[in-house]
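Asks: Structure incoming, see below.
The values are calculated or read from the model by the stated rules, or taken from the named source; none is laboratory data. Worth saying up front: this structure is predicted, and the values here are computed from it rather than measured. Note: ideal-geometry Cβ built from the backbone for every residue, glycine included; neighbour counts use all protein chains shown. Ligands, DNA and RNA are excluded from the accessible area calculation, which covers all protein heavy atoms including side chains. Shrake-Rupley method; radii C 1.70, N 1.55, O 1.52, S 1.80 Å.
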Amino acid sequence: MIDAARARHYQQIFKWVVYTLLIVNWLFYIHEDWVRATHTLTAASGLLDWAREFATSIDELGWFVLLAMFELETYVLEDADWTGGVKRTVHGIRLVCFAMIAHTVFAYGVSLSDLQETVPVEGATSLCQLAGQNLSYVYNLEYTAINGENCDDLSAADQFYRIGDDPVVTDRSGLELERDLAVADLSEAIIWLVIIAAIEIVVRMQERGITGGWALHITNTSKRVLYLGLIGLGAYWASLGHWLYLWDELLWIGGFAAIEMNVEGWRSEILQKQHILQPGSANGH
């Protein structure tokens, strides 16, 4: 009993350390979105344009609330508290979070589409020819306002491309990299949606007392494969110098690992209530 209590104590420490670090990371993303918006948005930009540029911050907020709702259902609330009204409220909030996350998928899709439709900037064979036109140069997600002092240092190419309708240009290598990064962003968002759908399936099954079977096994195995895919994407971003993205990916995996531990503990309670977990089974008998 002491060992089990200690394990739960360490689990709670791990959980809240991860949650705290995720909030700190969110502040970094807000700052990053704001810096990018100063280069991509203009006085003519509308609400949807602002929402698209802050898609990552909105996405993170949606994930925080979603994580909190799973925490409530899988750990905080007792069975006696899981009444019809509470249940509907939690599930309703989760649906709103799914909508926020779906918005991120949409925003990433729009960004990728903009990159595919990019056309050459006519009459510009040097970046210095674009200085003083309120344009920014982007390479590897780093935006720099073009001026007469830095234009030669930013790029030595002789062909440049406009990024959608944004006042942003890049060269051929920058364009190819932006496209690759946009594909990675969209892939990551879709993978997380699938993972959350899988967690939702497991939670709904356990609500009905289902703790085993081929469907549950396939769902859990699929989540593990998808988590590995996320780590691979994080390693790709880190190879390009975006260590924050890898760190953030690992933190979010840790956050949902905490939810998985909650679900596993909940599963054990269900098994005990169903008298499936026999004495001595913890020793492998």
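Asks: Restricting to helices (runs of 4 or more DSSP H) lying wholly in the stretch 138-244: which have 3 or more residues that are charged (D, E, K, R) and open to solvent by 60 Å² or more (accessible area, probe 1.4 Å)? First the steps, then the outcome.
Replies: Values: elements: 151-154, 172-207, 214-239.
Hits in the stretch 138-244: 172-207.
Asks: Quick one: what pairs do we get from the stretch 12-29, first residue within 19 Å of VAL263 (Cβ to Cβ), second assigned to a helix (DSSP H, G or I) and hydroxyl-bearing (Ser, Thr, Tyr), C-beta under 8 Å, 6+ apart or different chains?
Replies: Correct list of pairs: empty, since none qualify.
Asks: Within the stretch 40-135, which helices (runs of 4 or more DSSP H) (wholly inside it) include 2 or more residues that are without any contact (Cβ under 8 Å) to a residue 12 or more places away in the chain?
Replies: Details: elements: 47-53, 55-71, 84-116.
Output list reads 47-53, 84-116.
Asks: Is there a residue in the stretch 60-75 that is farther than 30 Å from GLU178 by Cα, of a type in the set (Asp, Glu) and open to solvent by 40 Å² or more (accessible area, probe 1.4 Å)?
Replies: No, that holds for no residue.
Asks: A further question on this structure: Would you pick out the residues in the stretch 43-53 that are under 17 Å from HIS31 (Cβ atoms) and surrounded by 20 or more Cβ atoms within 10 Å (Cβ to Cβ)? Even if it seems obvious, please write down each step before you answer.
Replies: Residues of the stretch 43-53 that are under 17 Å from HIS31 (Cβ atoms), as a first pass: 50, 53.
If the condition is that a residue be under 17 Å from HIS31 (Cβ atoms) and surrounded by 20 or more Cβ atoms within 10 Å (Cβ to Cβ), then GLU53 is the only one that fits.
Asks: OK, next. Just wondering, is there one or more residues in the stretch 180-194 that are polar (S, T, N, Q) and closer than 30 Å to TRP266 by Cα?
Replies: Taking the stretch 180-194 first, the residues polar (S, T, N, Q) are 187.
Those still in the list that are closer than 30 Å to TRP266 by Cα too: none.
Within the stretch 180-194 (the criterion being polar (S, T, N, Q) and closer than 30 Å to TRP266 by Cα), the answer is no, since none of the residues qualifies.
Asks: Turning to a different aspect of this structure: Can you confirm whether ARG94 is exposed (fewer than 13 other Cβ atoms within 10 Å of the Cβ) and modelled with pLDDT under 90?
Replies: So ARG94 does not fit the description; no.
Asks: Among the numbered conditions (1) more than 21 Å from SER57 (Cα to Cα); (2) modelled with pLDDT of 90 or more, tell me where ILE163 comes up short.
Replies: Every condition holds for ILE163 apart from (2).
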